[in-house]
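The values are calculated or read from the model by the stated rules, or taken from the named source; none is laboratory data. Keep in mind that what you see is a predicted model, and the values were worked out from it rather than measured. Every residue, glycine as well, gets a Cβ built from its backbone with ideal geometry; the counts of neighbours run over all protein chains shown.
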Amino acid sequence: MADHPTAARACLVDGLVAGPEALEIRDVTIRAFARLLDAFQRHDPDSVGPTALVSEATVGGIYAIVIRRIRDGEARSLPRLGSSLAPLLLSPIVGYPQAQRELASIATL
């Protein structure tokens with residue numbers, strides 16, 4: 001997305017005005033990523049246990065952040081958001097403090 005901001009905008013921002021089918025594709029994608037978070041939670045005995053709604057809200061929130069950056073012409077800033085958004089993605093599974101620790105340990109590998 002950062003390397004192709006015009007295409008990212010066309011697909012993720014402008015595509016939303018394409019009608020109900022485009023919105024359904026977006027919604028299906030968000031739900032699929034939310035189910036992925038739920039699957040991780042089920043396999044982690046130490047998980048803080050997100051509900052399906054928490055997972056969907058987490059994915060939807062990250063999606064909204066990405067879309068806003070693209071819409072505002074800031075697509076090139078997206079790679080820099082990874083270190084901030086990754087803990088948000090993991091926090092429903094292990095909690096925010098543990099997500100930060102896990103990601104910090106990966107960064108030092």
Among the residues of the stretch 72-107, which ones are touching a residue at least 60 places away in the same chain (Cβ under 8 Å), at negative phi and loosely packed, with under 15 Cβ neighbours inside 10 Å? 76, 77, 79
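Restricting the stretch 1-20 to residues that are of a type in the set (Gly, Ala, Ser) and touching a residue at least 40 places away in the same chain (Cβ under 8 Å), which is surrounded by the most Cβ atoms within 10 Å (Cβ to Cβ)? Quick ask: steps written out before the conclusion?
Within the stretch 1-20, the first condition is being of a type in the set (Gly, Ala, Ser), and the residues that meet it are 2, 7-8, 10, 15, 18-19.
After this cut, where a residue has to be touching a residue at least 40 places away in the same chain (Cβ under 8 Å) as well, the list is 2, 8.
On the way: 2: 15, 8: 20.
Per the stated criteria, the residue is 8.
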If you go through the stretch 74-91 one residue at a time, do you hit one that is under 19 Å from residue 59 (Cβ atoms), in a loop (DSSP other than H, G, I, E, B) and modelled with pLDDT under 85? no
Determine whether residue 71 is of a type in the set (D, E, K, R), modelled with pLDDT of 80 or more and under 21 Å from residue 10 (Cα atoms). yes
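Part of a helix (DSSP H, G or I), over 13 Å from the mean Cα position of the chain (by Cα) and not charged (D, E, K, R): is that true of residue 32 in this structure? I'd like the intermediate steps shown before the answer.
On the way: part of a helix (DSSP H, G or I): yes; over 13 Å from the mean Cα position of the chain (by Cα): no; not charged (D, E, K, R): yes.
Considered against the rule, which asks whether it is part of a helix (DSSP H, G or I), over 13 Å from the mean Cα position of the chain (by Cα) and not charged (D, E, K, R), residue 32 comes out as no.
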When residue 10 is run through (1) at pLDDT below 80; (2) assigned to a loop (DSSP other than H, G, I, E, B), the failure sits at (2)
